[in-house]
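Novice: The structure follows.
The values are calculated or read from the model by the stated rules, or taken from the named source; none is laboratory data. Small disclaimer: the values here were computed from a predicted structure and weren't measured. Cβ placement follows ideal geometry from the backbone for every residue including glycine, while neighbour counts extend to all protein chains displayed. These accessible areas exclude ligands, DNA and RNA; they are computed on the full protein's heavy atoms, side chains included. Shrake-Rupley method; radii C 1.70, N 1.55, O 1.52, S 1.80 Å.
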Amino acid sequence: MLQGDVGVELGRRVAVALRTALGVEITPAEALVRPSTREGVDYQCNVAMSLAKTLKKAPREVAQAVVEHLDSADLVEDPEIAGPGFVNLVLRREWLEEQAAGLLGDDRLGVATTESPRRVAIDLSSPNVAKEMHVGHLRSSIIGDAIMRLLRFAGHEVIPHNHLGDWGTPFGMLIEHLVDEGWKAGSEAHSISDLNGFYVAARKKFDADPDFVERARLRVVALQGGDEETLALWRGLVEESTRHFEKVYELLGIGLTSEDVYGESFYNPFLADTVAELEAKGLTEVSDGALCVFPPGFSNREGDRLPLIIRKTDGGYNYASTDLATIRYWIRDREVTDLLYVVGTPQSQHFTMVFAAARQAGWLTDQHAEHVGFGSILGEDGKTIRSRAGGTLKLVDLLTEAVDHAAAVIAERTDFDAAEQARLAKVVGIGAVKYADLSNDRERDYVFTWEKMLAKEGNTSVYLQYANARIRSILAKAGEVPAAGAPVTLTEPAERALVVKLLGFPAAVDAAIDAYAPHKLSNYLFETASTFTTFYDTCPILKDTTSPEARASRLVLAQLTSRVLVLGLSLLGIDAPERL
C-alpha cells in the first residue's frame, strides 16, 4: 500500500520521466501535480507549462515527453494531454480498490512518518500571571496545540513552552498592594478572581499615588534582588494563576501543564549575559540613552533605522531582551532545530527584528525560526469580541457558555441519561469553539457566532461529529466491523469519489503541517464528510436490495471514513463521540 501523498508519488514519477526523456532534474514538488477540479480527472500535471520556456520547447512537446516516459501503468490510466500542455491523470479503479482495502490495516491511514525528525520548541498560549485568561488567549492556545499534535503525529519531537508574563514592574505594583491588604506568604489562598480585583485596585493606586509608585518600584528591586518575603508572595501569585490556567486547559482539552511553564522570570538570569554578548560582538548602539540593536533592513516611514531596544534608559530589560535570551537558551541549551511562536499577527515586525538580531549574533544559523501569526476574533458587530458588559471576555466564561449552548442541543436527545448529556455537551461545545477557529485561515480575522458554530449543517465540528456518529450507527446496525484486507469493489461513481477523497488524507495532513495551517485539514475533513453523504445517499448499504459483495465493500468505505474523521479531528484536538 502507498504510504504518503498520492500527488507526491505521481510527482516523483513525473520527475523520473523528465530526467529520462529530457535530462531535466526537478523535485516531485516541482512536477506541479495537483488534484484536479475537472470532472473525470483526478490529478493534473502542469510542469510542461513551467518548463517550456527554459527548454525552448512548446508546452505540448514537453507534455508529450512526460506522457511517453511516465512509468505509471500500475497507478493511473493512460495519461492524456489537454489544452496547451496539461497532463490529465486518472487513477486506476483496481489500484483504488487495492489501496482502500489496505488502509483498514493501517493505523496512520496512509500518513508516512518523517524520515528527518526535527526538535521543535513551540511558544503558545502565554497568559499573564495574576489575571484570568481572556478570549485573546484562545487562538494561541488551540492553534498552537493543533500544530503540536500534527508535528508529533508526523514524528517530530515537540517541546511546548508557555511563556507566562510573570515578571517586571507590574509585579512590584501588585505585590506591594497585596502587602497593603495584609497578605502574608503562606496565608489562606486567594482565588484568581480576587487577584483580578487586586490587579485593578493596584493599577488605580499606581496611577494616582506617587508614594505607592515609589514603593512598587522598590518592591520590584526586592523581587529582582531575591528578597525572600517578596519572592514567596510572587510564587503564590504564580501558583494560583497556574492552577487557574490548568483548569482552562483541561476544559479546552489542551495538554499544557506546569511543567511546560517557562515564564519571563525563567529567562531573567540569562538577560545580562545575553546583552553582554551582543555588546561584545559589536552589535549594540546607545540611542537616546537606551542600548539598542539595529537589525539591517528595518526603517520607519521617514527612512530612519528602527531600533530593537534591549536595555532601557533606566537599565531595565524588556520583551526584546527576553525574546533574544529565549532564542539563545533554546538553541544553545536545548539544541532545538526549530522555534515556533504562535502569537498574534500584530507582533510580526517585532519577531522579524528579533530573529534578524539573533542571526546577527550567530545564535540562529541553520535553525528555523518562525512567527506563526493569527488574526483576531470578532463579534457579530465586526469588532473585537467583548463581554456582554462591554469589557474583556474571560475565556472560561466563553467556554462555559459554549457548553451551555451545546447542552440545549443535546437535550433534544431523550435516550441519553444526565451524565451522558453533560459529557456530550462538553465534547460538542468545546469542539465547536475549537473548530470554528481552526477551520478558518489563521492569518485572518473571523466572526464568532453561536448559531453558525453549532449548526448541524455546513463546515462545523457538529456536522463532522454527527457524520461520524451516523457512520458508527450504520456499522452497529450491520452487526459487523470490516476486517483488515476486506475486499473493496468500486462500481458506482460515488464509491470511487469517496475512495479518492479518503486517499487524500496524507496530503491534507502534510499541507497543514507545511504551512502551520490547521484549516487545510479542517476543510479536508468537511469535504470528506460531504463526500460520504453523497455516497450514502446514492449507494445503499443495509437495504435488502444491496448485494452481499456491495454491502461488504461499502461497509469498508464507511469504516474508513469514520477512522479518517476521528483521526483528523483528534489531530485538531477535537473528540468524535460514537453516539450523538
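Novice: Sequence-distant or interchain residues sharing an amide H contact under 5 Å with Ile310, placed H: which?
Specialist: Sorted by chain and number, the residues that satisfy this are Leu291, Cys292, Val293.
Novice: Can you tell me the relative contact order of segment 278-322? Whole percent, Cα pairs under 8 Å, sequence separation 6 or more.
Specialist: In percent, rounded to a whole number, it is 29.
Novice: Same structure, new question: Fully extended, how many nm does the chain gain between Thr257 and Gln347 (0.36 nm per residue separation, minus their Cα-Cα distance)?
Specialist: 29.9 nm
Novice: By how many nm would the segment from Thr20 to Leu542 grow when fully extended, if each residue of separation counts as 0.36 nm and the alpha-carbon distance is taken off?
Specialist: Difference between extended and current length: 182.9 nm.
Novice: Report, please, the projected area of the chain averaged over directions, based on the convex hull of its C-alpha atoms, in nm².
Specialist: Over every viewing direction, the Cα hull of the chain projects on average to 33.0 nm².
Novice: Another question, then. Report, to the nearest whole %, how much of the accessible area of the chain belongs to carbon and sulfur atoms, 1.4 Å probe, protein only.
Specialist: On the way: 13000 of 26200 Å².
Its accessible area is 50 percent carbon and sulfur atoms.
Novice: Now for a different question. Which FRET efficiency value, to the nearest 0.05, do you get for Ala455 and Arg301 by plugging their Cβ-Cβ distance into 1/(1 + (r/R0)^6) with R0 = 51 Å?
Specialist: Once the sixth-power term is evaluated, E becomes 0.70.
Novice: What is the gain in length, in nm to one decimal, between Arg108 and Leu218 on full extension, counting 0.36 nm per residue of separation less the C-alpha to C-alpha distance?
Specialist: Extra length from Arg108 to Leu218 when fully extended: 33.9 nm.
Novice: Now for a different question. For segment 126-174, what is the Kirkwood estimate of the hydrodynamic radius, computed as the reciprocal of the mean inverse distance between distinct Cα atoms, to one decimal in Å?
Specialist: 12.7
Novice: Counting each pair of different Cα atoms once, what's the Kirkwood radius of segment 8-89 in Å, rounded to one decimal?
Specialist: 12.2
Novice: Right, something else. Determine the per residue accessible area of the chain with all protein chains present and a 1.4 angstrom probe, expressed in square angstrom.
Specialist: 45
Novice: Let's see if you can work this out: charge +1 on each Lys and Arg Cβ, -1 on each Asp and Glu Cβ, no other charges. What is the dipole magnitude of the chain about its Cα centre, in debye to the nearest 20?
Specialist: For this selection, approximately 880 debye.
Novice: A follow-up question, please. Take the Cβ-Cβ distance between Arg386 and Asp209 as r, set R0 to 30 Å, and report the resulting FRET efficiency rounded to the nearest 0.05.
Specialist: Taking R0 as 30 Å, the efficiency between Arg386 and Asp209 is 0.50.
Novice: What does segment 269-381 give for Rg and for Dmax, in Å, if only its C-alpha atoms count?
Specialist: 15.0, 53
Novice: Any idea what log10 I(q)/I(0) is at q = 0.14 Å⁻¹ for segment 61-141, Debye with uniform C-alpha scatterers and no solvent?
Specialist: Debye intensities relative to I(0), on a log10 scale: -0.77.
Novice: Between Gln3 and Asp314, what is the FRET efficiency for a Förster distance of 45 Å, r being their Cβ-Cβ separation, to the nearest 0.05?
Specialist: The calculated FRET efficiency here is 0.15.
Novice: I would also like to ask the following. If you average 1/r across every pair of different Cα atoms in segment 91-248 and take the reciprocal, what Kirkwood value do you get, in Å?
Specialist: Hydrodynamic radius (Kirkwood, Cα only) of segment 91-248 equals 19.1 Å.
Novice: Once all Cα-Cα distances of segment 89-128 are split into 5 Å bins that start at 0, what whole-number percent is in each one?
Specialist: Result, from short to long distances: 5, 15, 13, 13, 12, 12, 8, 9, 7, 4, 2, 0 percent.
Novice: In nm, give the distance between the simple-model label positions of Val286 and Asp194, each being 7 Å from the Cα along the Cα-to-Cβ direction.
Specialist: Simple spin-label model gives 4.7 nm for this pair.
Novice: Hey, another quick one. Over segment 225-330, what relative contact order in percent results from Cα pairs under 8 Å that are six or more residues apart?
Specialist: Dividing the mean separation by the residue count of segment 225-330 yields 19 percent.
Novice: Among DSSP beta bridges whose residues both lie in the chain, state the antiparallel percentage, nearest 5.
Specialist: Counting DSSP beta bridges with both partners in the chain, the antiparallel share is about 55 percent.
Novice: Could you derive backbone 3J(HN,Hα) for segment 372-377 from the dihedral phi with the Karplus parameters 6.51, -1.76 and 1.60 (θ = phi - 60°), listing whole Hz in sequence and x where the residue is Gly or Pro?
Specialist: With coefficients 6.51, -1.76 and 1.60, one gets 8, x, 8, x, 9, 8 Hz.
Novice: Less than 17 Å apart at the alpha-carbon level, and either on another chain or at least 8 residues along: which lysines does that give for Lys394?
Specialist: Lys131, Lys247, Lys383, Lys434
Novice: Here's another thing I want to ask about it. If packing is taken as the average number of other Cβ atoms within 10 Å across a peptide's residues, how do 131-142, 106-117 rank, most packed first? If you can, show how the numbers build up before the last one.
Specialist: Details: 131-142: 22.1, 106-117: 13.8.
So the order, starting with the most tightly packed, is 131-142, 106-117.
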